[in-house]
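Presented below is the structure to which this report refers.
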Amino acid sequence: MIPAPFRAAEDRYDSMTYRRCGRSGLQLPGVSLGLWHNFGDDFAIEGQRATLRRAFELGVTHFDLANNYGPPYGAAEANFGTIFAQDFRPYRDELVISSKAGYDMWPGPYGEWGSRKYLLASLDQSLSRMGLDYVDIFYSHRFDPETPLEETMGALDHAVRSGKALYAGISSYSPERTSEAAAILRAMGTPLLIHQPSYSMLNRWIEESLLDTLETEGAGCIAFSPLAQGMLTDKYLDGVPEGSRASQGKSLSIELLTDQTLRHIRSLNELAKERGQSLAQLALAWALRDQRVTSVLVGASSVRQLEANVAALDNLSFSDDELAAIDGDAVEAGINLWHRSSDS
């Protein structure tokens, strides 16, 4: 059945908070929608459509994908492409659409990591799946210790110069590798626009020096997994519910939900209540407390969940006492699954 024509709400820009991405001309919404989960073939496409439509109506102009988001690999881009063609093509110039390549996508030696052959072939495939002429941001999804960084950055530069991407980004690079990547791109004439690291109350590694590095380089920061794979929601306050990521072993191990970690999470939940927020809203607002964090990436399995996450932007201010109280419970919890790339 052909869906009813989509006509975006005229007030879609009235309440969203936008931040400039580093020293670039690009602004991103405070909350961006990531399609890592909930947009594969294991979810009904009508639910995906409803979430994407509502996101845009709320001023969420940035949709973030990667080549292997699914399941199966490529499905999120293909499903997004179907919805884009039916709903969003008239609004293309109002959208920031990103994709990435770096993790395994197809068999053989040319199907992952950071070679020029893999990155550019993957970009072509992503554009085909989504039915796009270009993506706004193309990322190196992870640092490749076996490929010269000049080659990987050269592929991003080529993507921009060929018109298949407007900006270049990196994800999960260490501060040192970020500086090197930025210098290489700058010499080529293609600035590093943005870094996408994992960051949350339970995974604070970017505070050590990465944010300082990005500020120096003039690059933005968009944090993924700001809810620590669901740990910073009310989902696990009273145990592991059936059907949750932890119960299914989907990117969250039940072993991470230790008694000590749960005590910290419950304390944060109490503070959220005092602020009139949910735990998830507190976590998102906290991640945005530093202006160098351009945006936070959220997933959403329903329109209601999306709306609740975007509502975190209604209260982004913190008192010194609140920040001090949060620091006591915002501690490392072993949730940084991407540290190997970041430590390279």
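Given a 1.4 angstrom probe, I'd like the percentage of the accessible area of region 6-123 that is carbon and sulfur, rounded to a whole number. Carbon and sulfur atoms account for 51 percent of the accessible area of region 6-123. In region 288-344, which GluC sites (Glu not before Pro) fall in coil by DSSP and have 15 or fewer other Cβ atoms within 10 Å? Those satisfying the criteria are Glu332.
Taking a point 7 Å out from the Cα of Glu180 in the direction of its Cβ, the residues of region 112-152 whose backbone N falls within less than 17 Å of it are 113-116, 140-152. Note on the chain: GNM, Cα springs under 10 Å; of Ser171, Ser162, Ser302, the largest mean-square fluctuation is that of Ser162.
Using the average count of surrounding beta-carbon atoms within 10 Å as a protection proxy, the listed peptides 109-115, 41-47 rank, highest first, as 109-115, 41-47.
Computed from backbone phi with θ = phi - 60° and the Karplus coefficients 6.51, -1.76 and 1.60, the 3J(HN,Hα) list for region 85-99 is 4, 8, 10, 10, 4, x, 10, 3, 6, 9, 10, 10, 10, 10, 9 Hz; x is used for glycine and proline. Considering only Ser162, Leu284, Ile97, and ranking their Cα positions along the charge dipole of the chain that arises from unit charges at the beta-carbon of Lys, Arg, Asp and Glu, the one farthest toward the positive end is Ser162. For region 39-47, backbone phi angles converted through the Karplus equation (6.51, -1.76, 1.60; θ = phi - 60°) give residue-by-residue couplings of 10, x, 6, 8, 10, 5, 5, 5, x Hz, Gly and Pro being listed as x. Counting Lys and Arg as +1 and Asp and Glu as -1 over every other residue whose Cβ lies under 15 Å from the Cβ of Val331, the net charge comes to -3. Taking amide H as placed 1.01 Å from N in the peptide plane, the amide H of Tyr167 sits under 5 Å from that of Ile137, Phe138, each at least 5 places away or on another chain. Number of Lys-Lys pairs in the chain with C-alpha atoms under 27 Å apart and a separation of 8 or more places or on different chains: 6.
In this label model, Leu257 and Asp327 are separated by 3.1 nm, measuring between points 7 Å along each Cα→Cβ vector. Only Lys, Arg, Asp and Glu carry charge here, each on its Cβ (+1 for the first two, -1 for the last two); on that basis the chain has a dipole of about 820 debye about its Cα centre. The mean sequence distance of close C-alpha pairs (under 8 Å, at least 6 residues apart), as a share of the length of the chain, puts its relative contact order at 19 percent. Surface composition of region 299-341: carbon plus sulfur atoms contribute 47% of the solvent-accessible area (1.4 Å probe, protein chains only, all chains present). Suppose a student asked you for the relative contact order of region 267-334, using Cα pairs under 8 Å spaced at least 6 residues apart; what percent would you report? This gives 36 percent for region 267-334. Candidate values (i) 21.0; (ii) 26.0; (iii) 16.8 were compared with mean projected area of the Cα convex hull in nm² computed on the shown model; the agreeing label is (iii).
Tally Lys/Arg at +1 and Asp/Glu at -1 over every other residue whose Cβ is under 15 Å from the Cβ of Ile184; what's the total?
That works out to -3.
Taking the Cβ of Leu271 as the centre, find all other residues whose Cβ is under 15 Å away and add up their charges (Lys, Arg: +1; Asp, Glu: -1). Once positives and negatives cancel, what remains is -3.
The values are calculated or read from the model by the stated rules, or taken from the named source; none is laboratory data. All figures in this text were calculated on a predicted structure; none of them were measured in a lab. All Cβ positions, glycine included, derive from the backbone under ideal geometry; neighbour counts span all protein chains shown. Note: accessible area is taken over every heavy atom of the protein model, side chains too, but ligands, DNA and RNA are not part of it. Shrake-Rupley method; radii C 1.70, N 1.55, O 1.52, S 1.80 Å.
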